[in-house]
Amino acid sequence: MRYIYLIHGSTKPLVESETEQLVTKLIGTKDEFNYSQYDMKETEVKPMLEDAMTFPFLSDAKAVVINNAFVFTGEKVKTTFKIDIDEILAFIEGFEGPNYVIFTVYSDKLDERKKLVKKIKANHEVKKIEPLDEQEIKKIIKSILNENFKDIKEDALNEMIHLTGIDYGAVMKELDKLVLYSGDAPIITKSDVTQVVSRSLEQNVFLLTDYITSGKKAEAIQLLKDLIHMKEEPIKLLALITSQYRLYYQVKILSEKGFSEQQIAREVKVHPYRVKLSMRKVRQIPLKHLLDVIDACAEADYELKSSYMDKVLILELFILKI
């Protein structure tokens, strides 16, 4: 019998949904006597574990959900209290019910080097929630629209995926806006999508790098200014641009070695959709050019952190240079 579970994945709503399903499976209907929930970033370890070890009242067992269990990752979190790792480790090694404890982690990766991770994997149940792929997210969009007595044209669906980058949270948020905007109209068109759906930051950065690699410097600088106007920090934007070019470089090398999109996604640990978009782009870009751009990114990063020049101007000069 399992009493401790760990559910993790980068898509928070999916992790939450999986957790809810598990709680229902373990204890049935939740109430104030058989269910409690904590956040490890906000609550000390001792009261959470004491609650887990307290004998249930008016029920056979209770479920204790501990969210943001960052101790299983490499994330560095500053809290106003000390996190006693040894106390958590002792709990994981010795807990025998009758209650259930569910740790949730909003990350695809656990820190496999940690004793905590090794112990929970060896003795308890760990489940990773994989990100949705393009076809799965399309099915969800269509299903939600059907529930609202609507359908969506294929080009409109593709445009929505393009703008949101298949980020589940962004898709759900933009879908709500789209349903409201379309009113009584039974069909969602591409025009509806372009009018209402906001481009995600990730997709904006992809578009920015696309402009740069295509030689559309004026469009790239205008988009940069738009992002700055939206309160995005220059250093953060450069970091995202650098990350995208590094991905281009990795995709270029691995694709030339005969790796498939899925294999590349697993190898570089990014969503297959990002690999798909990058594959299309890197075919015509020489490897040396990608290396030169990555070097230019490093130089721009140094200038942003050390120069007294205007940071936006540094980024604009960087775009013109490459």
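Quick check: is even one residue across the range 106-123 assigned to a strand (DSSP E or B), modelled with pLDDT of 85 or more and under 21 Å from Val15 (Cα atoms)? No, there is no match, as no residue in the range 106-123 is assigned to a strand (DSSP E or B), modelled with pLDDT of 85 or more and under 21 Å from Val15 (Cα atoms).
Taken as a whole, the condition of being under 20 Å from Leu132 (Cβ atoms) and either small (Gly, Ala, Ser) or in contact with a helix residue (DSSP H, G or I) (Cβ under 6 Å, 6 or more places away or on another chain) (or both) applies to Tyr273.
The set of residues in the range 125-145 that are more than 21 Å from the chain's Cα centre (by Cα) and open to solvent by 20 Å² or more (accessible area, probe 1.4 Å) comprises Glu125, Lys142, Ser143, Ile144. Condition check for Ser107 on (1) open to solvent by 30 Å² or more (accessible area, probe 1.4 Å); (2) out of contact with any strand residue (DSSP E or B) (no Cβ under 8 Å at 6 or more places or on another chain); (3) small (Gly, Ala, Ser): one failure, at (2). For Glu130, the criteria (1) over 30 Å from His289 (Cα atoms); (2) modelled with pLDDT of 90 or more; (3) not in a strand (DSSP E or B) hold in every case but one, which is (2). Residue count for the range 23-54, restricted to those that are surrounded by 13 or more Cβ atoms within 10 Å (Cβ to Cβ), in contact with a helix residue (DSSP H, G or I) (Cβ under 8 Å, 6 or more places away or on another chain) and more than 14 Å from Tyr100 (Cα to Cα): 3. On inspection, Phe91 passes the criterion of being among the aromatic types (Phe, Trp, Tyr), assigned to a helix (DSSP H, G or I) and farther than 30 Å from Leu175 by Cα.
A single member of Ser107, Ser182, Ser198 is in contact (Cβ under 8 Å) with a residue 60 or more places away in the chain and of a type in the set (Ser, Thr, Tyr), and it is Ser107.
Scanning the range 201-228 for residues that are without any contact (Cβ under 8 Å) to a residue 24 or more places away in the chain and open to solvent by 30 Å² or more (accessible area, probe 1.4 Å) yields Leu207, Tyr211, Ser214, Gly215, Lys216, Ala218, Glu219, Gln222, Asp226. Taking every residue in the range 112-137 that is under 16 Å from Arg274 (Cβ atoms) and in contact (Cβ under 8 Å) with a residue 12 or more places away in the chain and pairing it with any residue that is outside any helix (DSSP H, G or I) and of a type in the set (Ser, Thr, Tyr), at least 6 positions away or on another chain, the pairs with Cβ-Cβ distances below 8 Å are Pro131/Ser10; Pro131/Thr11; Leu132/Thr11. Looking only at residues in the range 146-199 that are of a type in the set (Val, Ile, Thr) and part of a loop (DSSP other than H, G, I, E, B), the one that is surrounded by the most Cβ atoms within 10 Å (Cβ to Cβ) is Ile166. Is it the case that the range 2-16 has a residue that's touching a residue at least 60 places away in the same chain (Cβ under 8 Å), farther than 30 Å from His271 by Cα, touching an Asp or Glu at 6+ places or on another chain (Cβ under 6 Å) and open to solvent by 40 Å² or more (accessible area, probe 1.4 Å)? Within the range 2-16, one or more residues are touching a residue at least 60 places away in the same chain (Cβ under 8 Å), farther than 30 Å from His271 by Cα, touching an Asp or Glu at 6+ places or on another chain (Cβ under 6 Å) and open to solvent by 40 Å² or more (accessible area, probe 1.4 Å).
The values are calculated or read from the model by the stated rules, or taken from the named source; none is laboratory data. Worth saying up front: this structure is predicted, and the values here are computed from it rather than measured. Note that each Cβ is placed from the backbone with ideal geometry, even for glycine, and that neighbours are counted across all protein chains shown. Keep in mind that these areas ignore ligands, DNA and RNA; they rest on the heavy atoms of the full protein, side chains included. Shrake-Rupley method; radii C 1.70, N 1.55, O 1.52, S 1.80 Å.
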